[in-house]
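Have a look at the structure below, then the notes.
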Amino acid sequence: MVSNSNINNVKTKTIGEIFSKDPKIICRNVDVFYGEKQAIKDVSIDIASREIISFIGPSGCGKSTFLRCLNRMNDTIDTCKVKGSISLDKEDIYDEKIDVVTLRAKIGMVFQKPNPFPKSIYENVAYGPKIHGLSSSKEELDFIVENSLKDSGLWEEVKDRLQSPGTGLSGGQQQRLCIARAIAVSPEIILMDEPCSALDPIATAKIEELINQLGKNYSIVIVTHSMQQAARISQRTAYFHLGELIEVGETKKIFTMPKDKQTEAYISGRIG
Amino acid sequence: MNEYTLLILLLLISLLWFYFGNKTALSLKNKQLKLNSLPHYYGIYVALYSIIPSLFSYLLILVFDGILFSNLIMEFVPKEILNSPDFNKIIVLAQIDNAVRGIYFGEQPDWVTIASNQMIEWNNQSLIVNFFCSISLALGIGYLGFKNIHQEFRSRNSVEKIIISLLGLSSIIAILTTIGIVFSVIFESLRFFAIIPASEFLFGLTWNPQFEGAERAGSGQEGLASYGSVPLFVGTFLISLIALCVSVPIGLFSAVYLSEYANKKERSIFKPLLEILAGIPTVVYGFFAALTVAPLMRNGGSLIGLDVASESALAAGFVMGIMIIPFISSLSDDVINAVPQSLRDAGYGLGSTKNEVITNVIIPAALPGIIASIILAVSRAIGETMIVVMAAGLAANLSFNPLDAVTTVTAQIVTILVGDQEFESAKTLSAFALALTLIVITLILNFYALHVVKKYREQYE
């Protein structure tokens, strides 16, 4: 347990409001190293329940690295070391007692390129519930699959061909399938790593609409290269630069009156 | 002077042309003219231009004068030998040829001496003709190529074209050889099927070619020999099956370990060690099977009350399985590594353990490639000979019991063709029929493997 007394008592260079009233995830003084190289420097931020927060910043600024710390996906990289504390519901996720498997079931993830398994649409969505034993019968599993596909807006398009391969769908449909697959395990938080960067504008619009819908029930952290996208969908925006969290704040404020010069430079298109 | 001096001369001429071509191009360049290609391409162009036609004519004359002379020399063979029932052109030619080389014992018949002297004279004349033809071609055509050199001549493109046709020629040679092998087997098999009906060969249950004698070949009566190939193919598949039971789990599991669990250092040690298995000659596996594994199995079997033949399918299949492990592990390792990292991430992102990712995501995604590697291993196992000859025995038992001695198609081909053989008998010819059937089976397996691999590739593009 992270004690309540010191979580809001933290030294930080970040400009803006890093704290939230109802924090789901609390990150304090997080450093990430790839071998000798430091990719994230002293980042502290809260992520609230049912908020959509976007991470923006130039390429290589560490926003994806930081995102992958939140569900310990960086564990798969041998040279990666994480320091500082990240807690989910006030439990340190890097504690030895935490089972990374259950953690990742609570924090779902959607990746940059749509990556459906080479299995049927049904099997793709049913994969998570199956390995976590979330259903006790075929009917229950069918119900979960149907609901997840409905929530991801894909049900009407695929309900007649659930047994055809997921890789046969279009790019946008594949990405929504991946979202359905992530929400099928009923996570509390969904991390999205540039989910629209491989999609065309129409598919992107559909995903953005879907993210807005999902924001009512889940906390969503989205890394994006598109500032317009961040402006359209997120309530809060965090600007990263060279591994540091420069500025956090309400999206409107960040985009209209950024306090930091670097943020302003990025938003007005001078760096990035 | 002989053929080799001629060859060296041709090479020297083309080197000379290279020098001249290069020099001319350089002089053009020194006149501040902008050349189309680098100077040495002009040299290479002239050199290739001179050597290819001259080499071609050299080889052509070398091949055809032999054929021509062997027909002309028949003039010198006495009528009584030509007309005698024992006349054999090959033997007569060999006799003359030996005289030409000076290899003979005792007195030669007069006609042989005359013919061989004539042959020597012809050979010398042909060499002189060859000499002049090749040299003049090398000089003449080389000169034509040399004349081609001017400022705008695209020698680089021409050299590319010549190189491309040389590369194409090499691959055609490989293909033609394969076709030649298949046809030589087909023609001999047809001769076999003229004696033994194909239905008997394909469906007969007894294989016993040892008693092939004059009865059958001469009078057309039933001989004692029988040519039912079923026991051989059953033996082949039994041994291959045992080999697969050994190699598929071990190969696959080691591939999974190498690609998913081993760290870089372990991988750099284990993978080459595993691939050493593929470098061991099969005859070494053979005596390992015959001298170590087979007695071990017989003794082990007798301990628990099993009657294991001293040459058993089990021993041969087991060792063959060890032999094909690297095929499966190495190829499977490659396909498992080819599974995109994004699929692994997807699995981990949903909260799978490493084991679940491997069994539910990676293996299904890599399955077509794994199947292809297994099929390639099967065709390797079916074609394997040495281990079987040494460890499985030669008794053509129709048995599905792995503890019995069985034999395989390849082992039988070896026993049939080793030693002095009469090429007209059904026994000898049966080897070709067996080979043909085997080629067809492995061909089908290979085609199927390629098809599976192709399907797999389509999935990830």
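The values are calculated or read from the model by the stated rules, or taken from the named source; none is laboratory data. Because the structure is predicted, anything quoted here is derived from the model rather than measured. With ideal geometry, Cβ positions are generated from the backbone for all residues, glycine too; neighbour counts draw on all protein chains shown. Accessible surface is based on the protein model in full, side chains and every heavy atom, while ligands, DNA and RNA are left aside. Shrake-Rupley method; radii C 1.70, N 1.55, O 1.52, S 1.80 Å.
Summary of computed values
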quantity: Filtered residues of region A:126-146 (kept if within 12 Å of chain B (Cβ to nearest Cβ) and under 23 Å from A:Arg50 (Cβ atoms)); calculated: A:Gly128, A:Pro129, A:His132, A:Leu134
quantity: Subset of region B:158-193 (residues that are within 20 Å of B:Leu35 (Cβ to Cβ) and touching a residue at least 60 places away in the same chain (Cβ under 8 Å)); calculated: B:Ser158, B:Val159, B:Ile162
quantity: Selection status of B:Ser352, without any contact (Cβ under 8 Å) to a residue 24 or more places away in the chain and open to solvent by less than 40 Å² (accessible area, probe 1.4 Å); calculated: yes
quantity: Count of residues meeting criterion [outside any helix (DSSP H, G or I), open to solvent by less than 50 Å² (accessible area, probe 1.4 Å) and not polar (S, T, N, Q)] in region A:160-205; calculated: 14
quantity: B:Val452 vs. criteria under 30 Å from A:Pro118 (Cβ atoms), in contact with a helix residue (DSSP H, G or I) (Cβ under 8 Å, 6 or more places away or on another chain), in the same structural domain as B:Ile328 (by TED's automatic domain parsing) and in contact (Cβ under 8 Å) with a residue 40 or more places away in the chain; calculated: yes
quantity: Flag if B:Tyr143 is part of a loop (DSSP other than H, G, I, E, B) and either among the hydroxyl-bearing types (Ser, Thr, Tyr) or open to solvent by less than 90 Å² (accessible area, probe 1.4 Å) (or both); calculated: no
quantity: Odd one out for B:Leu241, checked against (1) surrounded by 14 or more Cβ atoms within 10 Å (Cβ to Cβ); (2) over 30 Å from B:Ser199 (Cβ atoms); calculated: (2)
quantity: Selection count, region B:331-359, where residues are closer than 19 Å to A:Val185 by Cβ and either acidic (Asp, Glu) or facing chain A (nearest Cβ under 7 Å) (or both); calculated: 11
quantity: First in region A:175-190 and under 16 Å from A:Lys206 (Cβ atoms), second anywhere and among the charged types (D, E, K, R), Cβ under 6 Å, 6 or more apart; calculated: A:Ile183/A:Asp151
quantity: The listed residue being away from every other protein chain (no Cβ under 14 Å) and modelled with pLDDT under 90, out of A:Ser197, A:Ser268; calculated: A:Ser268
quantity: Single match in B:Phe131, B:Phe153 (criterion: part of a helix (DSSP H, G or I) and surrounded by 15 or more Cβ atoms within 10 Å (Cβ to Cβ)); calculated: B:Phe131
quantity: Residue tally, condition within 11 Å of chain B (Cβ to nearest Cβ) and part of a helix (DSSP H, G or I), over region A:94-125; calculated: 10
quantity: Qualifying residue in region B:312-319 (condition: over 14 Å from B:Gly251 (Cβ atoms), in contact with a helix residue (DSSP H, G or I) (Cβ under 6 Å, 6 or more places away or on another chain) and β-branched (Val, Ile, Thr)); calculated: yes
